[in-house]
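The values are calculated or read from the model by the stated rules, or taken from the named source; none is laboratory data. Just so it is clear, the model here is predicted, and its values are computed rather than measured. Here the Cβ positions follow ideal geometry from the backbone for every residue, glycine too, while neighbour counts run over all protein chains shown.
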Amino acid sequence: MRHMTVREIMTGCGLCQLSSAMSVRDAICVMAERNCGCVLVTEADRLAGIFTRGDALKRVVARALDPDQTPLANVMTRNPDTIAPGESVDDAIRRMDEFGYRHLPVLEGDRIVGVLSLRDCSIEDLAAMHRELEYRHVFAERAW
């Protein structure tokens with residue numbers, strides 16, 4: 001089961017994808033309907049950003065913004081980190097752990113091909129990485 005690529009486990013069909021001009025409410029409704037934790041935000045058919053449940057809480061609710069009047073462009077994470085479909089799941093887990101991501105857009109060149117969610121990673125892959133991730137955390141704490 002180990003040594004899989006991102007392409008083998010990513011969510012590809014039924015991507016949650018909206019234009020940056022759409023409202024936060026539109027994004028939240030799409031996320032609720034499709035049971036996804038993020039929306040990939042596009043401008044001119046290119047990835048421009050990502051909007052997550054966490055963004056909804058921190059950047060909209062906590063600031064008392066009107067979700068009907070707030071465009072995604074104002075509250076999304078611009079130019080998000082991405083991963084290629086041929087990269088290993090282990091590399092994806094490392095990156096998600098290091099930067100605190102729960103979702104990584106998957107791009108092949110400039111084309112969006114999917115999203116890797118932490119939920120897509122098997123418990124076996126996460127367990128196999130546990131020792132390495134713990135070591136990285138300890139090392140990072142000591143470096144500070």
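Odds and ends about this structure:
- Yes/no for residue 57 being out of contact with any strand residue (DSSP E or B) (no Cβ under 8 Å at 6 or more places or on another chain) and more than 20 Å from residue 5 (Cβ to Cβ): yes
- In the stretch 90-104, the condition of being touching a Pro at 6+ places or on another chain (Cβ under 9 Å) and surrounded by fewer than 18 Cβ atoms within 10 Å (Cβ to Cβ) is met by no residue.
Yes/no per residue for (1) under 16 Å from residue 16 (Cβ atoms); (2) of a type outside the set (Val, Ile, Thr); (3) within 16 Å of the chain's Cα centre (by Cα):
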residue: 41; (1), (2), (3): yes, no, yes
residue: 51; (1), (2), (3): yes, yes, yes
residue: 55; (1), (2), (3): yes, yes, yes
residue: 73; (1), (2), (3): no, yes, no
residue: 77; (1), (2), (3): yes, no, yes
residue: 80; (1), (2), (3): yes, yes, yes
residue: 84; (1), (2), (3): no, yes, yes
residue: 92; (1), (2), (3): no, yes, yes
residue: 96; (1), (2), (3): no, yes, yes
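- Breaking point among (1) at positive phi; (2) of a type in the set (A, V, I, L, M, F, W, C); (3) touching a helix residue (DSSP H, G or I) at 6+ places or on another chain (Cβ under 6 Å), for residue 92: (1)
- Scanning the stretch 19-61 for residues that are in contact with an Asp or Glu (Cβ under 7 Å, 6 or more places away or on another chain) and of a type in the set (Lys, Arg) yields 25, 46.
- Exclusive hit being touching a residue at least 12 places away in the same chain (Cβ under 8 Å), under 21 Å from residue 7 (Cα atoms) and exposed (fewer than 12 other Cβ atoms within 10 Å of the Cβ), set 124, 87: 124
- Of all residues in the stretch 29-46, those satisfying the criterion of being touching a helix residue (DSSP H, G or I) at 6+ places or on another chain (Cβ under 6 Å) and among the β-branched types (Val, Ile, Thr) are 39, 41.
- Among the residues of the stretch 105-121, those that are within 27 Å of residue 44 (Cα to Cα) and in contact (Cβ under 8 Å) with a residue 40 or more places away in the chain comprise 105, 106, 107, 110, 112, 113, 114, 115, 116, 117.
- The stretch 11-35 residues that are closer than 28 Å to residue 122 by Cβ, paired with ones that are among the hydroxyl-bearing types (Ser, Thr, Tyr) (beta carbon under 7 Å, 6 or more apart): 11/117; 17/42
Every residue, every condition in (1) under 26 Å from residue 89 (Cβ atoms); (2) at pLDDT 95 or above, yes or no:
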| residue | (1), (2) |
| --- | --- |
| 4 | yes, no |
| 16 | yes, no |
| 20 | no, yes |
| 24 | no, yes |
| 45 | no, no |
| 57 | no, yes |
| 60 | no, yes |
| 63 | no, yes |
